[in-house]
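Since the structure comes first, as structure tokens, the remarks are kept for the end.
The values are calculated or read from the model by the stated rules, or taken from the named source; none is laboratory data. Being a predicted model, the structure only gives us computed values, none of them experimental. Please note: Cβ atoms are built from the backbone with ideal geometry, for glycine as well, and neighbour counts cover all protein chains shown.
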Amino acid sequence: MTDRTSHTNRLARETSPYLLQHAHNPVDWYPWGPEALEKARAEGKPIFLSIGYAACHWCHVMEHESFEDEETAADLNRDFVPVKVDREERPDLDAIYMEAVQAMTGQGGWPMSVFLTPDGRPFYGGTYFPNTRRYGMPSFRDVLAGVARAWREDRDSVESAGSQLAEHIGSQVHGAGSQGAAARVGLDATVLDAAVVALERQFDAANGGWGGAPKFPQPMAIEYLLREHVRTGDQRPLAMVRRTLDKMAAGGIYDQIGGGFHRYATDAIWLVPHFEKMLYDNGQLARVYLHAYQVTRAERYREVVEETLDYAVREMLTPDAAFAASQDADTEGEEGKTYVWTLAEVNDVLGEDAPLFAAAYDVTERGNWEGHSILRRIRDDDALAGQFGVNPAEVDRRLRSSRQRLLERRNARPQPGRDDKVLAAWNGLMLAPFAEASRVLGRDDYAAVATRAADFLLTALIDENGRLHRSWKDGRASHNGVLEDYANLADGLLALYEATFEERWFTAARALMDRVLEHFADAAGGFFDTSDEHEKLITRPKGVQDNATPAGNSMATVVLLRLAAWTGEARYREAAENALALVGRLPGRHPTAFAQWLVAIGLALGPIDEVAVAGDPSSPEAKALLDVALGQYRPLQVVAAGSGSNGTVVPLLTDRPQLEGHPTAYLCRQFACQRPVTRPEELAEQLNRA
């Protein structure tokens, strides 16, 4: 293996922590760009494209085994132009070449390893390749030798395969719109009903969630089920929500002493997580736990929200006041090292409180994972009170104290690496729960966090022409914003508007979506993932399916439907309906793959209540009206508030005067308005009747 200080390649000029991890490999890495593509064309060499991300465990393994190895690096440098890409910075490239790898191998993942012609057409690929032949796989050097030989001896066939694969990728991308258009039918609530049935069929009634190991949190599916409960009053969706949220909050996937969620569980019972923490998971889960708290008033859900948001402030805020992308699963090369405990360590920290804590959180001499204990809550306060002969309030007090002491001890350990680049899309997903929680939980500090982050994002990531950049690191904005950046950030800004009623947030969100309509729209319906100002790639990606984060198309549809309610402008509604044609009735049959689309369908079917409160939002009378409108979870609703009836930028407030000098609420639904009211109980009656 190489001495990491003896080589420096072009990645040293980048800002991505993932790329910088490889800056001292002996591999002569290039970042994606004209320099690498021109070198491949000029020298007639294929490109080896490696795509990964900083928190990816097997990316680290492949780097150590192969990219730090001098002999492997010599093979790569001799026969290929090696290009390294951070998938979190370039989701467009990731989407295109993941489609290729899945078409070639039937599966995908990271690290992604793809061989391209000099003009970018993929012809061979896979994911992780070991440094020696094992797992029934060839070694990476075997792969390099085989590809190099094929390129030298049968280039015409390789080029032809690349052309065919590029055509396949293009047809998959552009076929998404035609499939939806052919299936375009008048949407109705049967799609939503069918999704509930499908989710029930796949539901793990014992452990919550959907499917077996590995098990992912599915916050969008949970959000949809909450909305279905509110829409219909049906208890079945709520039962699935509560079972899942309860089991996750008690499991090892949740950081029991530090707050926040790990990426996913490697088992079906939420015990053993993959220990990386992603900003987007924590943003989405904090928001859905907040909504579940509004519906159920379960105190544990409130605790999870606050613990998760407090974790984000403590560990994910960057010096610029925005949020970092992720924390690694590994510490010093060992997965989970920061987070797990032995009974001896717990005894040492907690002393006489150790037996109570160990009984609550499954800490044993043997451990529950590889000789260590992953903390999970296995007994509630009442059971512990009976076991230890104290009252439940005393149990709660002692456990809170114990968690704090263990966190202090844990903070003294080596910590996992942090990918501290700021991504627009993921920050949008975290803005929303901070904004909403500030009002629901009465936490002004959360509104301050969201405000500072939004100020930074709009200042640092948007250029003088209104174009949004995707990433910020080391004082530099980089990479064109893609659809999810615009849509997620707009969604977060609208949440911040409803929390503060500062109109600048509404203006900024609307400007972002107007650029989406102008530069991302596809005449066949929906939106491309890249703008018409983006660099030309082998195809223009157009993602439809929701994954760990909402598809750009589904989030854009949600935001446009809400903007249509605030503004009354048909162009927003029409663009959203054209996007819904992409998926037709697919969300009813495959709800976990189209969960954000189900949220969009619910909004499209509506009707959406439009609540305007005329008056100073900070006045006691206006606050009382807003508490009625926003105190409960009302997903089919938009709220505007302000005192300037005809000086406002929010059309919903226009021509809405105060009655007799008192803050006044106006409720409209489906183009019909109720009489304006000034008393909270009158507004509550109107909303409940509607």
Reported set for the range 393-414 where residues are farther than 24 Å from E303 by Cα and not hydrophobic (A, V, I, L, M, F, W, C) is R413, P414
Condition (residue is surrounded by fewer than 22 Cβ atoms within 10 Å (Cβ to Cβ), within 30 Å of F203 (Cα to Cα) and under 32 Å from the mean Cα position of the chain (by Cα)) applied to the range 613-629: is it met by at least one residue? no
Do you know which residues across the range 243-254 are buried (at least 21 other Cβ atoms within 10 Å of the Cβ) and either closer than 17 Å to E335 by Cα or of a type outside the set (A, V, I, L, M, F, W, C) (or both)? T244, K247, G251, G252, I253, Y254
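Would you check if there is a residue in the range 276-286 being free of Cβ contacts under 8 Å to residues at least 40 places away in the same chain, among the small types (G, A, S) and either within 27 Å of L225 (Cα to Cα) or surrounded by fewer than 21 Cβ atoms within 10 Å (Cβ to Cβ) (or both)?
There is no residue in the range 276-286 that is free of Cβ contacts under 8 Å to residues at least 40 places away in the same chain, among the small types (G, A, S) and either within 27 Å of L225 (Cα to Cα) or surrounded by fewer than 21 Cβ atoms within 10 Å (Cβ to Cβ) (or both).
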Tell me, which residue of the range 648-683 that is under 17 Å from V628 (Cβ atoms), more than 34 Å from the chain's Cα centre (by Cα) and aliphatic (A, V, I, L, M) is surrounded by the fewest Cβ atoms within 10 Å (Cβ to Cβ)? L659
Tabulated pairs, the range 206-229, first on the phi > 0 side of the Ramachandran plot, second outside any loop (DSSP other than H, G, I, E, B) and aromatic (F, W, Y), C-beta under 8 angstrom, 6+ apart or interchain: G209/F203; Q218/W210
Could you please find all residues in the range 104-152 being touching a Leu at 6+ places or on another chain (Cβ under 6 Å) and either of a type in the set (A, V, I, L, M, F, W, C) or not assigned by TED's automatic domain parsing to the domain that holds P46 (or both)? V114, L116
Of all residues being crowded, with 19+ Cβ neighbours inside 10 Å and over 32 Å from the mean Cα position of the chain (by Cα) in the range 355-370, which is nearest to L384 (Cα to Cα)? Just the residue, please. L356
From the options V230, V241, residue that is in contact with a Lys or Arg (Cβ under 8 Å, 6 or more places away or on another chain) and in a helix (DSSP H, G or I): V230
Counting just the residues of the range 517-527 that are touching a strand residue (DSSP E or B) at 6+ places or on another chain (Cβ under 8 Å) and crowded, with 23+ Cβ neighbours inside 10 Å, which one comes out nearest to G466 (Cα to Cα)? F520
State yes or no: is T190 in a helix (DSSP H, G or I), of a type in the set (S, T, N, Q) and more than 24 Å from the chain's Cα centre (by Cα)? yes
Matching residues, the range 90-103, being surrounded by 19 or more Cβ atoms within 10 Å (Cβ to Cβ) and touching a Leu at 6+ places or on another chain (Cβ under 8 Å): D92, L93, I96, Y97, A100
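On the basis of being crowded, with 21+ Cβ neighbours inside 10 Å and polar (S, T, N, Q), does Q202 make the cut?
Details: crowded, with 21+ Cβ neighbours inside 10 Å: no; polar (S, T, N, Q): yes.
No.
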Subset of the range 296-330 [surrounded by fewer than 18 Cβ atoms within 10 Å (Cβ to Cβ), assigned to a helix (DSSP H, G or I) and aliphatic (A, V, I, L, M)]: V313
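Taking helices (runs of 4 or more DSSP H) that fall entirely within the range 550-631, which contain at least 1 residues that are within 28 Å of V197 (Cα to Cα) and in contact with a Ser or Thr (Cβ under 9 Å, 6 or more places away or on another chain)? Break it down stepwise before answering.
Numbers: elements: 552-567, 570-580, 586-589, 595-605, 620-631.
Output list reads 552-567, 570-580, 586-589, 595-605.
Each row is one residue, and each column tells you yes or no for (1) among the hydrophobic types (A, V, I, L, M, F, W, C); (2) within 17 Å of S618 (Cβ to Cβ); (3) free of Cβ contacts under 8 Å to residues at least 24 places away in the same chain.
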{"position": "P651", "(1), (2), (3)": "no, no, no"}
{"position": "D655", "(1), (2), (3)": "no, no, yes"}
{"position": "L659", "(1), (2), (3)": "yes, no, yes"}
{"position": "H662", "(1), (2), (3)": "no, yes, no"}
{"position": "R669", "(1), (2), (3)": "no, no, no"}
{"position": "C673", "(1), (2), (3)": "yes, no, yes"}
List pairs: first in the range 313-340 and aliphatic (A, V, I, L, M), second part of a loop (DSSP other than H, G, I, E, B), Cβ under 6 Å, 6+ apart or cross-chain? M316/A324; A324/T318; A324/D420; A325/E88; A325/K421; A329/F275; A329/E276; V340/I374
Quick count over the range 15-34, residues being touching a helix residue (DSSP H, G or I) at 6+ places or on another chain (Cβ under 8 Å) and either of a type in the set (S, T, Y) or touching a residue at least 24 places away in the same chain (Cβ under 8 Å) (or both), is 12
Would you be able to say whether some residue in the range 513-520 is in contact with a Gly (Cβ under 7 Å, 6 or more places away or on another chain) and in a loop (DSSP other than H, G, I, E, B)? no
From the list L687, L605, pick out the single residue that is within 33 Å of the chain's Cα centre (by Cα), surrounded by fewer than 17 Cβ atoms within 10 Å (Cβ to Cβ), aliphatic (A, V, I, L, M) and farther than 20 Å from L493 by Cβ. L605
Given (1) farther than 27 Å from R87 by Cβ; (2) at pLDDT below 95, G543 misses just (1)
